[in-house]
Structures are given as structure tokens and as C-alpha cells.
Amino acid sequence: MEKETEKHIRPSWDDYFMAIVRIVGTRSTCDRLHAGAVLVKDKRIISTGYNGSPPGLPHCDEVGHLMEEGHCVRTVHAEHNTILQAATVSGTNTKGSTMYTKYSPCIHCSKYIVTAGVKRVVMGKVYRNSKVIDYLKEAGIEVEVYEESEEWQKQLQELFKDEIEVMKPKEGDVEVQIKK
């Protein structure tokens with residue numbers, strides 16, 4: 001018996017990029033906050049980042065936290081890592097981009113976001129300091145707290161429930177013939 005086909009939901013751009021933010025955040029190596037961020041320009045991902053130590057240095061999940069005034073300072077925050085990746089790996093211009101974050105950025109990351117010329121920040125949840133929203137807005141940045149689409153969230157959960165299914169074209173099987 002064939003699996004009943006449910007209506008495919010095409011996510012909005014915000015739904016799409018926020019789903020990716022969640023996946024990126026799973027790479028975080030500091031268990032104090034599994035944060036992720038995605039930097040987008042012209043509806044294309046230009047970089048991603050998560051909370052993790054600089055390359056070549058030990059991670060929190062390997063050697064523990066490096067605490068300073070109640071904060072772990074071993075890791076580079078997701079938002080900062082995203083901006084650094086855009087500068088060092090992709091060599092792209094961040095001016096006019098959109099930053100998607102799992103949580104609201106800290107004040108330091110907010111300064112980097114402003115300096116990088118990001119024009120819009122979409123955050124999943126406000127974390128600790130809601131004043132960063134006012135700070136970003138004062139700098140002329142459009143700030144939004146993401147509102148999940150219940151319909152999209154259901155489809156997203158279904159995407160990861162089963163194995164990747166084998167799909168066949170509606171027109172039938174396609175055979176490739178190789179001449180010898």
C-alpha cells in the first residue's frame with residue numbers, strides 16, 4: 001500500500017532559514033547554549049556559525065568551560081562565527097545581509113552585526129537581554145522575533161521521521177543506455 005501523500009508545504013524564506021539555524025546549532029560545543037546563526041544575502045546563505053572554540057583550540061565538551069564573570073568565554077558565539085566565516089572563508093560582502101539566529105545576540109555580537117552592515121536580524125527567542133533589540137534598532141537594523149508557522153513545523157518534524165524515500169518520476173522509469 002502506498003504512503004498517503006500529504007500536501008507539500010513550501011516554507012517562507014524565514015521558515016526555511018530558521019530551520020537551517022536549528023540544524024547549525026546542533027554543532028555547538030558549549031552546552032551552556034546550543035546556538036546557531038545563518039547569514040543570508042539575496043536569499044542565499046553566505047555563511048553559518050555556531051558556538052564553538054576557535055579552530056585548533058579545545059572545546060567545552062572536551063575540556064570544560066572557561067568561566068569569566070559567570071560567562072563561558074572559551075567559545076566564539078554563533079553570530080560572531082558567522083560574520084568571521086563570511087570574512088575568512090567565503091570572502092563575501094556582508095553589507096545589506098540578514099542574520100538569522102536561534103537566540104537574540106549578546107551586546108558584543110550585536111556590535112559586530114552593526115559593524116558588518118547587517119540590515120535585518122531574525123531571532124528565534126529573546127535570550128537574557130532584551131535591550132539588544134533596542135540597540136540594533138537604534139543602529140537602523142530591522143529586528144524581528146521569528147513566529148513559527150505551525151503547519152511548517154509539523155512538516156519539518158515529518159521530514160526527519162523516516163528514511164529518505166525513493167522517488168520515481170511520475171512519467172515512469174527512465175532508462176539510461178550506454179553505447180559500447
State whether one or more residues within the range 24-32 are surrounded by 18 or more Cβ atoms within 10 Å (Cβ to Cβ) and either charged (D, E, K, R) or in a loop (DSSP other than H, G, I, E, B) (or both).
yes
Starting from the range 150-165, take each residue that is of a type outside the set (A, V, I, L, M) and list its partners that are part of a loop (DSSP other than H, G, I, E, B), counting only C-beta distances under 6 angstrom and pairs at least six apart or across chains.
GLU151/ILE9; TRP152/ILE9; TRP152/PRO11; GLN155/ILE9
Condition first: modelled with pLDDT of 95 or more, among the polar types (S, T, N, Q), open to solvent by 30 Å² or more (accessible area, probe 1.4 Å) and over 23 Å from HIS59 (Cβ atoms). Now tell me which residues in the range 74-128 satisfy that.
THR115
Can you tell which of ILE133, ILE83, ILE107, ILE178 is in contact with a Gly (Cβ under 8 Å, 6 or more places away or on another chain) and farther than 24 Å from PRO11 by Cβ?
ILE83
Verdict on PRO169 being open to solvent by less than 70 Å² (accessible area, probe 1.4 Å) and out of contact with any helix residue (DSSP H, G or I) (no Cβ under 8 Å at 6 or more places or on another chain)
yes
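The values are calculated or read from the model by the stated rules, or taken from the named source; none is laboratory data. Please read all numbers here as calculations on a predicted model, not as lab measurements. Backbone-built Cβ (ideal geometry, glycine too); neighbour counts: all protein chains shown. Please note that ligands, DNA and RNA were not included when accessible areas were found on the heavy atoms of the full protein model with its side chains. Shrake-Rupley method; radii C 1.70, N 1.55, O 1.52, S 1.80 Å.
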